[in-house]
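Asker: Sharing a structure with you now.
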Amino acid sequence: MVDNNQETDDGVGIGSSTRRGALATFGTAAGVLLGTSGMASAQSGGLSISVDPDPPTVGEETTFTGNAAFVDEWRWFIARPDGTMVRKSGQSVTVTFEQTGTYSAGLFAKFSDGEVEDVAKEGTIEGSGDDSGGETGDPVANIEYSPQDPVANPISFDGSGSSTPEGEIESYEWYHKQGEPDSDGMFEYVLESETYEDSFESGTTWSVKLEVTNSAGNTATETVTFTPVETEPVANIEYSPQDPVYNPITFDASGSSVAGGEIVSYDWYLKEDEEYTDNTTPLFEQNRPSATGETYEESFSNNPWTVGLEVTDANGNTDRDSVTVSPIDATPNAVANVYPEEISPPNPITLDASESTTPVGSIESYEWEIRKYNYDDEKVDTLHRTGEVVEENWDTPYVYTFDLIVTNDVGEHDQYYDSFKPEA
């Protein structure tokens, strides 16, 4: 007679049903495993299950024994309180329960005449009576998950907070199911890993269970239940400078967001006002974006332009935002006056650029290039000066021409030309 006590843990949940022997509790799949129709054997004379100790105790080995004669094959299906199921074979098998609650044991016996009988037994698992807080060596399963508030896909689960008072945790097994933990349906095994990431159908309640096993073979579980919400990204454009708007303009999409998720792409589109262009294609239907990235800098002609942003999140959802800008000409206006205001002013002569202006910011520099000519119109020297006002005694008899270049703090510049002839 074969007595195989090897355990197979399917990690599947058992839905509620009306039991007619073990087949009703554990499903007809068990009968298929035995290769029979599941009919009771007249030769069995009554199949029964004995349990030792009865009731079982948490953390202690429990032996289940099948009682009948002329049996060639024994198959066991033992459901733990957390809904996972253990499959074993042999007349006597052992199981260690890690939590209190109700167990269900189903036994299928295949007799020598090829017929099958099934029987089921339920019972209550008692606590160990040990209040020392972990001296039995049982681990503690712990699940942390994010994002929360709101819960949105993808969701990351972390079992690293699980612990064990003895040895170390050797395995982390994840299961999930749609619905509450005690609802109809089975937990499905997902993977073995300390962490786990997945996406779930939004608007539906889901349960995720973690089972940890320590080096002593003891196990523990924890289950979390959540309902993911459907989230959409929100595109947002900020730009500067404003009031006034002038080139170059920096556009910033960092204010875009998606609840509980991540924006993975930023696409920028440009279109000049149709009054100034023949391009009639809608903004977001251009052949391709003008730029990509969270920020974007551009200089425009002094006409109205529409700038569009399309953001995409990790789930492929998109949103758009757009702004219209009309940059002004930021070029300063250079002006220079020569004092005294005479055809041939006497020394000292002042070159004054104080009437120069700029539409944005302030003037940052004044540069003078002064060329000195003799009466034969030959250039004999080039002088360089800086500053808003230049006052000097100039050599005679010479004619001077000059260029004034003013530059504002946004890098735009303008030039002014004039000449003077000091009095001899």
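FYI, it's all coordinate maths here, none of it is from the lab. Only a predicted model underlies this, so the values are computations on that prediction, with no experimental measurement involved. Cβ atoms come from the backbone with ideal geometry, glycine included; neighbour counts cover every protein chain shown.
Asker: Among I78, I370, which comes first, then next, by fewest other beta-carbon atoms within 10 Å?
Answerer: Values: I78 23, I370 20.
Ranked by crowding around the Cβ, least crowded first: I370, I78.
Asker: Hull surface divided by four, with the convex hull built on the Cα atoms of region 144-226: how many nm²? Walk me through the numbers on the way to the answer.
Answerer: Details: hull surface 22.2 nm².
Orientation-averaged projected area of the Cα hull: 5.5 nm².
Asker: In terms of modelled amide H atoms, which long-range or inter-chain residues lie less than 5 Å from the amide H of E423?
Answerer: Here N347 satisfy the definition.
Asker: What number of lysine-lysine pairs in the chain show an alpha-carbon separation below 27 angstrom, given a sequence spacing of 8 or more or placement on distinct chains?
Answerer: The number of close lysine pairs in the chain is 10.
Asker: Exposed loop sites here are chymotrypsin sites (Phe, Trp or Tyr not before Pro) in DSSP loop states with at most 14 other C-beta atoms within 10 Å. What is the longest stretch of the chain lacking them? Please report the intermediate quantities before stating the final value.
Answerer: Working: sites that count: F70, Y276, Y375.
After excluding every exposed loop site, the longest remaining stretch is 71-275.
Asker: Another one. Normalised by the empirical 2.2 N^0.38 Å for globular proteins, what value does the Cα Rg of region 238-325 take? List each step's numbers first, then the result.
Answerer: Numbers: Rg = 13.6 Å, N = 88, 2.2 N^0.38 = 12.1 Å.
It is 1.13.
Asker: Binning at 5 angstrom from zero up to the longest distance, how are the C-alpha pair distances of region 281-389 distributed in percent?
Answerer: 2, 7, 12, 13, 11, 8, 7, 7, 7, 7, 6, 6, 4, 2, 1, 0
Asker: Residue separation times 0.36 nm, minus the C-alpha to C-alpha distance between T295 and T250: what's the value? Show your work: numbers first, answer last.
Answerer: Values: separation 45, 0.36 × 45 = 16.20 nm, distance 0.72 nm.
This chain segment gains 15.5 nm when fully extended.
Asker: Rank the residues D377, D118 as a footprinting-exposure proxy: fewest other Cβ atoms within 10 Å of their Cβ go first. Present the calculation step by step, with values, prior to reporting the outcome.
Answerer: On the way: D377 7, D118 24.
Exposure proxy ranking, most exposed first: D377, D118.
Asker: Just one of (1) -0.28, -0.72, -1.20; (2) -0.32, -0.81, -1.34; (3) -0.62, -0.94, -1.18 is log10 I(q)/I(0) by the Debye sum over Cα atoms at q = 0.07, 0.11, 0.14 Å⁻¹ calculated from these coordinates, so which is it?
Answerer: Given (1) -0.28, -0.72, -1.20; (2) -0.32, -0.81, -1.34; (3) -0.62, -0.94, -1.18, the structure-derived one carries the label (3).
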